[in-house]
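Below: the structure, in structure tokens.
Every read-out reported here was derived from the displayed coordinates using simple, explicitly stated rules and does not represent laboratory data. Only a predicted model underlies this, so the values are computations on that prediction, with no experimental measurement involved. Quick reminder, even Gly has a Cβ in these numbers, built from the backbone with ideal geometry, and neighbours come from all protein chains shown.
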């Protein structure tokens, strides 16, 4: 079993600064102008979301996620908004790329993900976002995601799993990864990241290939559908290979 001291040293190695003076927030602040100009009177707010807001980001992954929330009176649905913002950023000289539900930017050497979303009526802060892989608009709630992750108290294990994913070059989208880790550690003791990391790897090996992982903000969203069957098998194989290692420095380093 990997020691807690070892995995905590790995977490420290991949830690990133946060706060208003951090490179990620300074880069985001510079992007606020063109995004605000594009959204115009329909802008409801621009906030941080995803791994930055949840405290689950690591070096080698997205530096900051920006939610661009447009009001429910916005005349276009989110698929059209996604394309309009993509073209607007491109027109400003950025080099956007299409991600799962975000527009990716390399800015000041940082990876920034911009998520255009339209609020639903009703005041629950539900949003409609565009999922590019399946070319569909889905409903979700970023506040619910944040609360769900905070209550799960599994940030260390989520960060360790992201480090493992990046080192072993498997495709496991971050939201799906976070939900998988939380599911794996349901009823598990907290504050023992070494033992829990081993438990997560066993989940990825034995359960993930056939487990329907769902969005806690909208049970109809099967987040695990973001992975193809062969990608799930590749994750399981990588987890199996890691569990067979006698030296954990070959699993996470």
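Where does helix 142-152 land angle-wise versus the long Cα axis of the chain, in degrees 0 to 90, nearest 10?
20
What angle, in degrees between 0 and 90 and rounded to the nearest 10, separates the Cα long axis of helix 4-13 from the longest principal axis of the Cα atoms of the chain?
30
Extension gain residue 46-residue 144, at 0.36 nm per residue separation less the Cα-Cα distance, in nm?
33.6 nm
Add -39500 (n - 2.57) for each DSSP H run of 4 or more in the chain, then divide by its residues: what number comes out at 222 nm, to the nearest 500 deg cm²/dmol?
Using -39500 (n - 2.57) per qualifying helix, the result is -13500 deg cm²/dmol.
Where the centre of each part is set by its Cα atoms, how far does the range 208-242 sit from the range 65-95, in angstrom?
29
How big is the Rg/Rh ratio for the range 177-253, C-alpha atoms only, Rh by Kirkwood, two decimals?
Here the Rg-to-Rh quotient is 0.99.
Give the percent of DSSP beta bridges with both residues in the chain that are antiparallel, rounded to the nearest 5.
The antiparallel proportion sits near 75 percent.
Please report the antiparallel percentage of the DSSP beta bridges confined to the range 23-141, to the nearest 5.
So the antiparallel bridges in the range 23-141 amount to around 75 percent.
Angle, helix 229-243 long axis vs. longest principal axis of the chain, Cα atoms, 0 to 90°, nearest 10?
Helix 229-243 sits at roughly 40 degrees to that axis.
Would you mind classifying the range 1-54 by shape? Square roots of the alpha carbon gyration tensor eigenvalues, ordered a ≥ b ≥ c; an a/c under 1.5 is rounded, otherwise it is prolate if a/b is larger than b/c and oblate if not.
prolate
Evaluate the relative contact order of the range 147-195 (contact order divided by residue number), counting alpha-carbon pairs under 8 angstrom at least 6 apart; express in whole percent.
Relative contact order, the range 147-195: 48 percent.
In percent, what relative contact order does the range 23-141 have, based on Cα pairs under 8 Å that are 6 or more apart in sequence?
Result for the range 23-141 is 24 percent.
Please compute the contact order of the chain in relative form: average sequence separation of alpha-carbon pairs under 8 Å and at least six residues apart, divided by the residue count, as a percent.
Normalised by residue count, the contact order of the chain is 18 percent.
Computed FRET efficiency, Cβ-Cβ of residue 171 and residue 249, R0 30 Å: what is it to the nearest 0.05?
After rounding to 0.05, the efficiency reads 0.80.
Set the Förster radius R0 to 22 Å, insert the Cβ-Cβ distance between residue 26 and residue 87 as r into 1/(1 + (r/R0)^6), and round the FRET efficiency to 0.05.
Result of the calculation: an efficiency of 0.30.
Just to confirm my numbers, what's the Cα centroid distance between the range 138-176 and the range 18-52 in Å?
Cα centroid of the range 138-176 versus Cα centroid of the range 18-52: 21 Å apart.
Can you list the residues of the range 161-203 with backbone N under 11 Å from a point 7 Å past the Cα of residue 133, pointing along Cα to Cβ?
Under cut-off, by backbone N: 171-177.
Contour minus end-to-end for residue 199 and residue 229, with contour as 0.36 nm per residue of separation and end-to-end as the Cα-Cα distance?
That works out to 8.6 nm of additional length.
What are the extents of the Cα atoms of the chain along their three principal axes, in Å, largest first?
57, 38, 31 Å, listed from the longest principal axis down.
Using 7 Å Cα-to-Cβ label points, what is the residue 206/residue 77 separation (nm, one decimal)?
4.2
Output the peptides 92-100, 80-88 sorted from most to least packed, where packing is the average of other Cβ atoms within 10 Å over each peptide's residues.
Ranking the peptides 92-100, 80-88 by packing returns 80-88, 92-100.
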